[in-house]
Amino acid sequence: MLINFTFQNFRSFKDEKTLSMEAGSIKELKDSVIHKGSYHLLPAAVLYGANSSGKSNVLLALNTMKNVLLGSVRLNPNDELDFQPFKLDLKSTTFPTSFEIQFLLGDIKYRYGFEYDNRRICKEWLYEKCYNQREFNLFLRVDDEFEISKARFPEGIGKDKATPSNRLFVSLVAQLNGEKSMRILDWFINCNYISKQENYGNKGNTLMMFSEHLDGCEQALDFFRHTQLGFNDFFVTEKNISNDKSEDVGKFSDVSQSRLTIKVRAAVLEPKTTHNIYDDYGKSHGTEIFDMDEMESEGTKKIINMAGPIFDTLRWGKVLIVDELDARLHPFLTRSIVQLFMNPLTNVNGAQLIFATHDTNLLNLAYLRRDQIWFTEKDNVDSTDLYSLVEFKDESGSKVRNDRSVQKDYINGRYGAIPFMN
């Protein structure tokens, strides 16, 4: 589970900012808080802000850290890194970008981070904290100098000399079967990220939905019954490119039923939906098959495509990051997705959802806590600030009370993070 994420000098962010998933000492929605040992963590966090304020860059920073780490194994010694510093002052492009993340694996907290520019890793560190113990340093890297704990990180001993300057040490040790290093990489691999482009239609996620996550998944079936998207059946065909034939590879049988049949995995997908045909008296007379991409609404296509990552995350207690969750969705559907994570009966494995949206209907303390609501806003030098509702103070120094109309206050500009029209 994600505890917090800190980053600096990345795209629109010049100064160090932290997105925290630690629950504050507030009263609302206490049952939604996930308790793991001494940690009290939030199941969801939402980002609001004007267009071009930096919401997407918070999510992209998380995904960039993941990509730099996982892509490190493929680098040649002279390859450049994905370096995207703040560019609107005279110095930031000469400074490194910094990422640090804290997360739980079982009852162990790891703190891992690195600083880098376009050609080298400037710093890298890994700390470990077991329950009721102090935090221990596993290794610290500054340029080409390494301090490695023989007692707590023996898998790294002797590997420092083989680490190129543009390669992350954790990545190299994991490639050589280092146990703790592989656990770090696995945590990042298990973070699902849906970009703006992907959430407008990614057939690969439909395959994930049918082949892995909805087979007998009563939770997913309940969700489709609840949302009432209008189709009876949903199935996927695999098109044989060589002879232009299709094979039925998976079927979502009647959303009013509780069975889901998976036959084989698909590679090239053609999703279909079926709808009832009615006579003049409203009686059903057979069904009609629709090509989903051609006949269904954009919102229906999106919610089907997102179902795989959503239920994969809930099933395995992963982290799901979604940019523009509300795009093409009715506010009721957006709220239903958020409630899957907020409800402890549907989120039993400590899954977390982090997303950006413009849907102000969620700015209601009956749906989200004050420490789950975050804002992004540009300052006077076009650098993005990131702050939560629970830490916001007005001109008099007062914090936001839990009886405020947060949606109304936000639209009226009380918390900033909205566009200003001349």
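Tabulated data for the structure shown
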{"read-out": "Residues of the chain: accessible area per residue with a 1.4 Å probe, Å²", "value": "48 Å²"}
{"read-out": "Entries in 55/301; 14/378; 66/123 that, when Cα-Cα distance is taken, lie over 20 Å", "value": "55/301"}
{"read-out": "The chain: angle of helix 218-227 to the longest principal axis, Cα-based, in degrees nearest 10", "value": "70 degrees"}
{"read-out": "Sulfur and carbon atoms: percent of accessible area, the chain [1.4 Å]", "value": "47 percent"}
{"read-out": "Residue-wise HN-Hα coupling along segment 293-301, computed from phi with Karplus coefficients 6.51, -1.76, 1.60 (Hz; x: Gly, Pro)", "value": "5, 8, 10, 8, 5, 5, x, 5, 4"}
{"read-out": "Ranked packing of 336-348, 285-297, most packed first, by mean Cβ within 10 Å", "value": "336-348, 285-297"}
{"read-out": "Degrees, to the nearest 10: 55-71 long Cα axis against longest axis of the chain", "value": "70 degrees"}
{"read-out": "In nm, spacing of pseudo-spin labels at residue 161 and residue 226 (7 Å Cα→C-beta vector)", "value": "5.8 nm"}
{"read-out": "Order by protection proxy (mean Cβ within 10 Å, highest first), peptides 171-184, 378-391", "value": "171-184, 378-391"}
{"read-out": "Label-point separation in nm, residue 294 to residue 119, each point 7 Å along Cα→Cβ", "value": "5.5 nm"}
{"read-out": "Förster radius 30 Å - calculated FRET efficiency between residue 197 and residue 143, Cβ distance, rounded to 0.05", "value": "0.25"}
{"read-out": "Efficiency of FRET between residue 281 and residue 336 - r from beta-carbon atoms, R0 56 angstrom, step 0.05", "value": "0.95"}
{"read-out": "Rel. contact order, % - alpha carbon contacts under 8 angstrom, at least six apart, the chain", "value": "19 percent"}
{"read-out": "Lysines whose Cα lies under 19 Å from that of residue 129, excluding same-chain neighbours fewer than 8 positions away", "value": "36, 109, 150, 180"}
{"read-out": "Candidate values (1) 50; (2) 44; (3) 36, label of the one derived for percent of Cα pairs over 32 Å apart", "value": "(2)"}
{"read-out": "222 nm mean residue ellipticity, helices alone, for the chain (DSSP H n ≥ 4; -39,500 (n - 2.57); rounded to 500)", "value": "-6500 deg cm²/dmol"}
{"read-out": "Cα→Cβ-extended label distance, 7 Å offset, between residue 132 and residue 87, nm", "value": "5.3 nm"}
{"read-out": "Share antiparallel - DSSP beta bridges, the chain, percent rounded to 5", "value": "80 percent"}
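The values are calculated or read from the model by the stated rules, or taken from the named source; none is laboratory data. As the structure is a computational prediction, the values presented were derived from the model and not from experiment. Ideal geometry is used to build each Cβ from the backbone, glycine not excepted, and the neighbour counts take in all protein chains shown. These area figures cover heavy atoms from the full protein model, side chains too; ligands, DNA and RNA do not enter into them. Shrake-Rupley method; radii C 1.70, N 1.55, O 1.52, S 1.80 Å.
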